[in-house]
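The values are calculated or read from the model by the stated rules, or taken from the named source; none is laboratory data. The structure presented is a predicted model; accordingly, all values stated were derived computationally and were not measured. Methodologically, a virtual Cβ is constructed for each residue, glycine included, from the backbone with ideal geometry; neighbour enumeration extends over all protein chains shown.
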Amino acid sequence: MLPLGHLSLAYLLYVGYAVLESRHLPARWSLLPVAVGSQLPDVIDKPLAYWQILPSGRSLGHSLFSFLSLCVVTWVIAEQLRSRWPSESWQDRLRGATPVAFAVGYLSHLIGDTYEFLLLGDLWPARFLLYPIYVVSYGDETQISPWIRLLTIYRNMDTHPQLTLLLVALLGFVGIRIWMRQSTS
C-alpha cells in the first residue's frame, strides 16, 4: 500500500473501533496517533533500505517485534503524561489520543501490506513480519529513493491503486464532520 492508502485504512479501522468501544466518533487529538502509526513502518524502513542500512523496505519497522515494542513504549509514555498533568482538560485530550489509536494505526499498516498474502493463505511473502528471524531483501528498493518514487506515483492520482479506499475514507471523514456539526447545533 501507499501512504494515503495506509492512512485511509487506519482511519476507517479506528473509526470502527472507536464506535464499537465507546460509541463516540474519534476527532482531533485521537487521530494524530492513528496517522503516525499508519506511516511509521515505512518512515523507518524505506529510507534506511535506500541508504542500505536495512536489507529491505519491509524489515525493522514492519516487524511484529517492533510493533509490540513501540506499543509498549507508547503506552508507558501516555501513562507518564497522564500522571504528570492531572488537569481534566489534559486527561480528556490524552484519553482520546490513547496508545490504542497508535496501535490501530500501526497494525493497520501491517495488515495493509499483508492482506493479499493472508487472504490467499500464502504466508511466505509475509515473513518480513518476523524480522530479524526472517530477513527478506528486495534488490530494486535501493535504486530509486522512496520520496522520488512517491512523487512519481502521486503525480497522477487517478491511477492510485487504493483510490476507492481513499474516497471511502474521505467521504466518511467529511460525513462525520458534517453530522457532528449538525448534532451540536
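Numbers at a glance
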{"read-out": "Identity of the residue in the stretch 52-71, at pLDDT below 95 and among the aliphatic types (A, V, I, L, M), that ends up nearest to Leu130 (Cα to Cα)", "value": "Leu54"}
{"read-out": "Residues of the stretch 1-23 that turn out to be touching a Pro at 6+ places or on another chain (Cβ under 9 Å) and within 17 Å of Thr164 (Cα to Cα), as a count", "value": "5"}
{"read-out": "Single residue of the stretch 93-131 satisfying the filter (among the polar types (S, T, N, Q) and either modelled with pLDDT of 90 or more or under 16 Å from Leu60 (Cα atoms) (or both)) that is surrounded by the fewest Cβ atoms within 10 Å (Cβ to Cβ)", "value": "Thr114"}
{"read-out": "Selection from the stretch 21-59 of residues that are in a loop (DSSP other than H, G, I, E, B), more than 15 Å from the chain's Cα centre (by Cα) and crowded, with 19+ Cβ neighbours inside 10 Å", "value": "Pro26, Leu54, Pro55, Ser56, Gly57, Ser59"}
